[in-house]
Amino acid sequence: PVRVAVVGQVCYNELCCRHYKSFYYSSNIKRTWEESRRYCQEQGADLIVINSKEEQDFVEIFEGRSWIGLSDKETEGVWKWVDGSPLTISSWMSGEPNDEFGEDCVERRRDNNGKWTFNDLSCTQKRESIREIKLGSVCTVYQ
Ligand SMILES: [Ca+2]
Ligand SMILES: [Ca+2]
């Protein structure tokens with residue numbers, strides 16, 4: 001499935017410009033974190049970076065346990081998104097992140113109450129994935 005985040009739309013006479021933030025796609029093919037990331041990049045995208053509550057709510061419709069673009073591969077305990085930004089809004093599952101057996105990649109999953117949360121996991125596990133492609137504006141002339 002795909003979701004499109006539209007930031008706004010401005011029309012001048014017949015010309016309408018829509019300002020897109022991002023397109024989000026989910027893939028139900030299970031891959032390792034690195035494989036998922038490479039696959040996203042081949043599509044001109046990257047694993048999803050979630051840096052607002054709105055964005056987190058916006059992708060709620062995507063089901064499944066999916067890789068997101070968050071890891072502490074570089075420095076243990078320092079969580080970084082694939083675009084280099086730090087972790088600002090987090091929703092760790094209770095007891096996570098636990099770095100059990102050296103877990104450095106993050107999946108998005110439902111907790112026992114059905115709430116979407118983050119869990120650190122071994123990067124070599126295979127999971128579905130959500131990718132994000134950031135967009136600018138698209139203008140269309142309406143007849
Ligand atoms: Ca870790
Ligand atoms: Ca964990």
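The values are calculated or read from the model by the stated rules, or taken from the named source; none is laboratory data. Treat the numbers as computed from the prediction; the structure is a model and nothing was measured. FYI the Cβ positions are ideal-geometry reconstructions off the backbone, even for glycines, and counts take in every protein chain you see.
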Query raised in the report: Of the residues 134, 126, 73, 115, which single one is of a type in the set (Lys, Arg) and more than 22 Å from residue 1 (Cβ to Cβ)?
Result: 73
Query raised in the report: Among 122, 66, 94, which is the only one that is at pLDDT 95 or above and crowded, with 17+ Cβ neighbours inside 10 Å?
Result: 66
Query raised in the report: Which condition number in (1) within 30 Å of residue 13 (Cβ to Cβ); (2) β-branched (Val, Ile, Thr); (3) within 15 Å of ligand 1 (Cβ to nearest atom) is the one that residue 68 fails?
Result: (1)
Query raised in the report: Looking at residue 117, is it exposed (fewer than 11 other Cβ atoms within 10 Å of the Cβ) and either under 30 Å from residue 11 (Cβ atoms) or not aromatic (Phe, Trp, Tyr) (or both)?
Result: no
Query raised in the report: Of the residues that sit in region 29-72 and are in a loop (DSSP other than H, G, I, E, B) and either free of Cβ contacts under 8 Å to residues at least 60 places away in the same chain or of a type in the set (S, T, N, Q) (or both), which one is farthest from residue 130 (Cα to Cα)?
Result: 72
Query raised in the report: Taking interchain pairs and intrachain pairs at least six residues apart, which have beta carbon atoms under 7 angstrom, with the first residue in region 90-109 and touching a residue at least 24 places away in the same chain (Cβ under 8 Å) and under 19 Å from residue 37 (Cβ atoms) and the second more than 9 Å from ligand 1 (Cβ to nearest atom) and among the small types (Gly, Ala, Ser)?
Result: 107/66; 108/66
Query raised in the report: Checking residue 86 against (1) within 9 Å of ligand 1 (Cβ to nearest atom); (2) modelled with pLDDT under 95, which single condition isn't satisfied?
Result: (1)
Query raised in the report: Looking at region 101-121, which of the residues that are within 9 Å of ligand 1 (Cβ to nearest atom) and either on the phi > 0 side of the Ramachandran plot or in a strand (DSSP E or B) (or both) is farthest from the chain's Cα centre (by Cα)?
Result: 102
